[in-house]
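The values are calculated or read from the model by the stated rules, or taken from the named source; none is laboratory data. Everything numeric here is computed off the predicted structure, so don't read it as measured data. A quick note on method: Cβ atoms are made from the backbone with ideal geometry, for glycine too, and the neighbour counts reach across all protein chains shown. SASA here: full protein model, heavy atoms, side chains in, ligands and nucleic acids out. Shrake-Rupley method; radii C 1.70, N 1.55, O 1.52, S 1.80 Å.
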Amino acid sequence: MNYWPLLGIAVVMIGFVLRFNAVLVVISAGIVTGLCALMPPVQLLSAIGESFLKTRSLPVILLLPLAIIGLLERHGLKQQAQRFIAGVKGATVGRLLSIYLLAREGSAALGLTSLGGHPQMVRPLVAPMAEALAERQHPGLSQQVRDKVKAMAAATDNIGLFFGEDIFVAFGAIVLMHTFLRESGIETDPMHIAFWGIPTAIAAFLIHAIRLRRLDHYLAAEQARLAQAAPQQTERN
């Protein structure tokens, strides 16, 4: 087996670490992979061209939702979300994100992966709502703590999607694992692989829910620290 084509992965990693242009990095990785696989130059260029033609409509699919979300934000979507969540009694940052984690993981398990996401859900809705709750319960938090809340909202979406979609039998990773196991002489059923993704998804939910619970304690401790530091600062002045 020729392992040299795996150098394309190294090109991608190095290019992203050095923050080169993403398009150039991907094209370079494709060229390196093709050359290492001993593909003729004409065949290599043909493969790159065919890939481009198959995905040329992808930018429209990606940019159109961003334009819609931007228009909604301009007309007060984030403010409305913050105003709504501020009126919910008993809501905390951890509880809000735990509910979103459950919804995200459950919908991904059914194959509905497009119901969430960073551009269409986290940035315009989930992160502002979590930030509003943090500000309502713990006024005066630093920008660093606010960024931590936003980062946890993004992490919640990632975890829910990653572990939820492994339960969906038609997910690409399930098909890939099934094909790999069959080529290795291990016969298994895709439904069986998806079924054993359920314990992992449950464990991921419980672990991240505990992290979200600890986030509530962290915010409370940070607020107590600020309240304790305020009189000392006043005495110094």
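General observations
- Gain upon complete extension [Ala103, Asp147; 0.36 nm per residue less C-alpha separation]: 13.5 nm
- At R0 = 35 Å, FRET efficiency that the Cβ-Cβ distance of Phe180 and Val23 yields, to 0.05: 0.75
- Surface composition of segment 119-237: carbon plus sulfur atoms hold 64% of the accessible area, using a 1.4 angstrom probe and ignoring ligands, DNA and RNA.
- Counted by Cβ distance under 12 Å from Leu110, the other residues give a net charge of -1, where Lys and Arg count +1 and Asp and Glu count -1.
- Option label - semi-axes √(5λ) of the Cα gyration tensor in Å computed here, alternatives (i) 34, 21, 14; (ii) 44, 27, 11; (iii) 42, 24, 19: (iii)
- A 1.4 Å probe run over the chain, with the rest of the protein chains in place, finds 66 Å² accessible per residue.
- Surface composition of segment 6-55: carbon and sulfur make up 79 percent of the accessible area, probe 1.4 Å.
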